[in-house]
Amino acid sequence: MNPTRSIIVEGVSNCGPDVYWWGGNLSAVRTAPIHLTHPEKLVYSAHEYGPEVHDQTWFSDATFPANLAAVWTQHFDFIMQQGIGHLLLGEFGIKDRTADSKQVGAVVRHFASRPWARPTHGPSGAGIPTLATPKEFCRPTG
């Protein structure tokens, strides 16, 4: 394996009866993780969007956006929580930059609060916290 390259594995939409965002469902990693000779080179990539992109059942839950952490754990966040591997949010966001997205705010607060993520201010100049670098974002805990 080339020591300067990583392998990025993107999620899917459907995993058996479990349906999530296209590119966001990594739930099969729980029972069938990928094993490499150099596991530090493997990065799992998930997609996460808000209701502005497409309505989902979890957005109409009475506890929204507080329910999102459990949704993320079910589909991809368990990878870092359980030390299975590295995680990258390959895509997340909204359609309309002027939308007041509770979901995007929840994503940023949730992942920026992790010990492996360092909040900075993004290129928008709006003072929105973003994750500093892919290297910092992908570093597993423990």
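What follows draws every value from the coordinates through simple rules; no lab data is involved. Computed from a predicted model, the values in this text were never measured in an experiment. Here Cβ is always computed from backbone atoms with ideal geometry, including for glycine, and neighbour counts include all displayed protein chains.
Pop out the ³J(HN,Hα) list for region 55-63 in order, Karplus 6.51 cos²θ - 1.76 cosθ + 1.60 with θ = phi - 60°, rounded to Hz; leave Gly and Pro as x.
5, 10, 4, 5, 6, 9, 5, 4, 9
Could you work out the pair-distance distribution P(r) of region 1-99 from its alpha-carbon pairs, with 5 angstrom bin width and percents rounded to whole numbers?
P(r) over region 1-99, rounded to whole percents: 3, 12, 22, 23, 17, 12, 6, 4, 1, 0.
Could you please report the charge total around F59, scoring K, R as +1 and D, E as -1 over all other residues with beta-carbon less than 13 angstrom from its beta-carbon?
-3
On a C-alpha basis, how far is the centre of region 10-24 from the centre of region 44-79 in Å? Whole number, if you could?
12
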